[in-house]
Amino acid sequence: MSNKTTFVAAADRINQIGLNQSRINTLKGDAKEITAESQGLKLDSYCHLIAGIAPAKLTAKANLNAKDRVGLKGDLMAEGQQTDSMADKLIKNAVGARNVFGIGGDNWTPAAVKEVFDANEITSEAKLIKAVSGDDKKSKVLLVVEKIAGRRSTKKNEKGERVAGDKWLGGFSYEEIEEFHSALEDALRVRKDMEAAAQEAGDQTDQDNADANEMLEKL
């Protein structure tokens with residue numbers, strides 16, 4: 001392993017990520033079991049990476065400095081067996097997790113990071129990403145709104161805090177939003193009709209039961 005990433009506590013941090021990825025690449029069989037094992041291995045890789053970068057001195061905006069990041073990415077793509085995009089995602093989420101959960105210093109181990117994950121109910125990479133982005137604190141309604149309308153970007157201020165950015169990200173086109181409104185109205189109409197029909201059927205069943213009970217009492 002290169003000496004560029006001096007903040008990585010030991011080579012076995014990156015090597016374990018490589019071993020985990022090798023296992024993920026060979027998983028075959030039952031889809032449910034594969035997913036469970038794959039998620040476990042991915043979280044273990046995050047635990048090793050976060051523990052590895054815990055001693056690193058971050059920039060004023062709470063990022064790895066450029067030189068350290070380049071070195072770490074190279075190690076992840078070599079010994080860690082990550083693709084270019086996978087290495088970028090690992091680093092982004094690991095640094096984000098370090099900031100969100102207050103992980104920093106020389107004494108962090110993968111097991112200690114796992115305890116933080118367990119305490120915050122981080123059981124998959126998707127949940128980790130939500131926690132890092134803040135989506136875990138958003139309601140289902142707000143998440144849907146952002147999916148449709150898009151959302152404002154964020155950026156870091158001089159203190160490394162997340163603040164509103166200058167760009168609008170994602171969302172449907174205005175034509176798609178019109179189509180969505182129409183489809184939603186149709187779906188809600190059908191829902192109301194079916195709920196009304198179910199209520200009517202339920203009322204009829206209650207009446208039939210009452211009539212039957214009354215007849216039995218007269219026998």
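What follows draws every value from the coordinates through simple rules; no lab data is involved. Note that the structure is predicted; figures quoted are calculated from it, not measured. With ideal geometry, Cβ positions are generated from the backbone for all residues, glycine too; neighbour counts draw on all protein chains shown.
Extension gain, residue 201 to residue 32, is 57.0 nm, computed as 0.36 nm per intervening residue step minus the present C-alpha separation.
Here the Karplus curve 6.51 cos²θ - 1.76 cosθ + 1.60, taken at θ = phi - 60°, turns the phi angles of the range 114-119 into couplings of 4, 4, 5, 4, 4, 5 Hz, with x standing for Gly and Pro. Among the aspartates and glutamates, select those whose C-alpha is under 14 Å from the C-alpha of residue 61, and discard any that sit fewer than 8 residues away in the same chain. Leaving aside aspartates and glutamates fewer than 8 places away in the same chain, those within reach of residue 61 are 158, 161.
Contact order, relative form, for the chain: 19 percent (alpha carbon pairs under 8 Å, 6 or more residues apart, mean separation divided by residue count).
This structure gives Kirkwood radius over Cα pairs in Å, computed directly, and of [x] 18.0; [y] 21.3; [z] 19.3 that value is listed as [y].
Around the amide H of residue 154, modelled in the peptide plane, lie the amide H atoms of 165, all under 5 Å away and 5 or more residues distant in sequence or on another chain. For the range 11-135, the fraction of C-alpha pairs more than 22 angstrom apart is 31%. Over all distinct Cα-Cα pairs of the range 174-219, the Kirkwood formula returns a hydrodynamic radius of 13.4 Å.
Can you compute the FRET efficiency between residue 85 and residue 158 using 1/(1 + (r/R0)^6), with r the Cβ-Cβ distance and R0 = 35 Å? Round to the nearest 0.05. Show your work: numbers first, answer last.
Values: r = 30 Å, r/R0 = 0.85.
With a Förster radius of 35 Å, E is 0.75.
Listed peptides 203-216, 35-48, 108-121 appear in the order 35-48, 108-121, 203-216 once ranked by packing, highest mean of other Cβ atoms within 10 Å at the front.
Taking the longest Cα principal axis of the chain as reference, the axis of helix 174-218 is set at about 50 degrees.
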